[in-house]
1. Does region 140-157 hold any residues that are surrounded by fewer than 18 Cβ atoms within 10 Å (Cβ to Cβ), in a helix (DSSP H, G or I) and not charged (D, E, K, R), and which are they?
2. Whether any residue in region 2-13 is crowded, with 19+ Cβ neighbours inside 10 Å, in contact (Cβ under 8 Å) with a residue 12 or more places away in the chain and of a type in the set (Gly, Ala, Ser) is what I want to check.
3. Could you list, in sequence order, the residues of region 53-93 that are of a type in the set (Phe, Trp, Tyr) and surrounded by 14 or more Cβ atoms within 10 Å (Cβ to Cβ)?
4. Can you tell me how many residues in region 69-113 are touching a residue at least 40 places away in the same chain (Cβ under 8 Å) and either under 10 Å from the mean Cα position of the chain (by Cα) or assigned to a helix (DSSP H, G or I) (or both)?
5. With the condition kept exactly as written, say whether any residue in region 105-121 is closer than 16 Å to Ala44 by Cβ, surrounded by 15 or more Cβ atoms within 10 Å (Cβ to Cβ), out of contact with any His (no Cβ under 7 Å at 6 or more places or on another chain) and aliphatic (A, V, I, L, M).
Amino acid sequence: MLEAIIICSSIAFGSILHIVAKEEIKTSKKYIIFARTVLIILTATLLIYADFNPIMILSLLFGFTLFLFLKNLYLIIGAATFLSLSSQNMVLILSSILLLTLVHSSLSAPSKKMFIRNSLYFILPFSLVLIETFIKGNLDIFTGFIAGGLLAQLKGP
């Protein structure tokens, strides 16, 4: 769980980065958006690679379709963090999630309301700990669902 706390704190670190390097972020915004896109693709690929199963393709399409309408990346990042704690390649996946969270949170201007809302969206998937054995039994389906949700976020800022 310490890993999840570190990733959640990167939401605050990204906001601090936005305050400290406001001018640099403004001038290089297109490169930061490109880095976020690459990190989303990398994280989704790592999630798929960690627990690939043919049934995952169906859940990936379902997750992609659902998260076209739900546009909160922090909910998906929280779910990806929760699922990757049960994965074999935990360190690699969590590292890419940490970088993705840091880059994404540095793009928007910080406010207390937004920080609290984003943190709550991040923490929400951890309420599934009560059905953790069910999730571990069907890890490939849930992983495909979250990877599809990540790929749905590639549409734009």
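Since every read-out is calculated from the coordinates, none of them should be taken as a lab result. As the structure is a prediction and not an experimental result, all values here were calculated from the model. Note that we place each Cβ from the backbone using ideal geometry, even for glycine, and neighbour counts take in every protein chain shown.
1. Correct list: Leu154 only.
2. Of the residues in region 2-13, the ones crowded, with 19+ Cβ neighbours inside 10 Å are 4, 7-8, 10-11.
From the residues that got through so far, the ones that are in contact (Cβ under 8 Å) with a residue 12 or more places away in the chain too are 4, 7-8, 10-11.
The next check asks that each one be of a type in the set (Gly, Ala, Ser); those that pass are 4, 10.
Yes.
3. Looking only at region 53-93, we keep the residues that are of a type in the set (Phe, Trp, Tyr), and these are 62, 64, 67, 69, 74, 82.
Answer for region 53-93, where residues must be of a type in the set (Phe, Trp, Tyr) and surrounded by 14 or more Cβ atoms within 10 Å (Cβ to Cβ): Phe62, Phe64, Phe67, Tyr74, Phe82.
4. Filtering region 69-113 for residues touching a residue at least 40 places away in the same chain (Cβ under 8 Å) gives 70-83, 85-87, 89-90, 92-94, 96-110.
From what's left, either under 10 Å from the mean Cα position of the chain (by Cα) or assigned to a helix (DSSP H, G or I) (or both): 72-83, 90, 92-94, 96-106.
Total satisfying the criteria: 27.
5. Taking region 105-121 first, the residues closer than 16 Å to Ala44 by Cβ are none.
For region 105-121, residues closer than 16 Å to Ala44 by Cβ, surrounded by 15 or more Cβ atoms within 10 Å (Cβ to Cβ), out of contact with any His (no Cβ under 7 Å at 6 or more places or on another chain) and aliphatic (A, V, I, L, M): absent.
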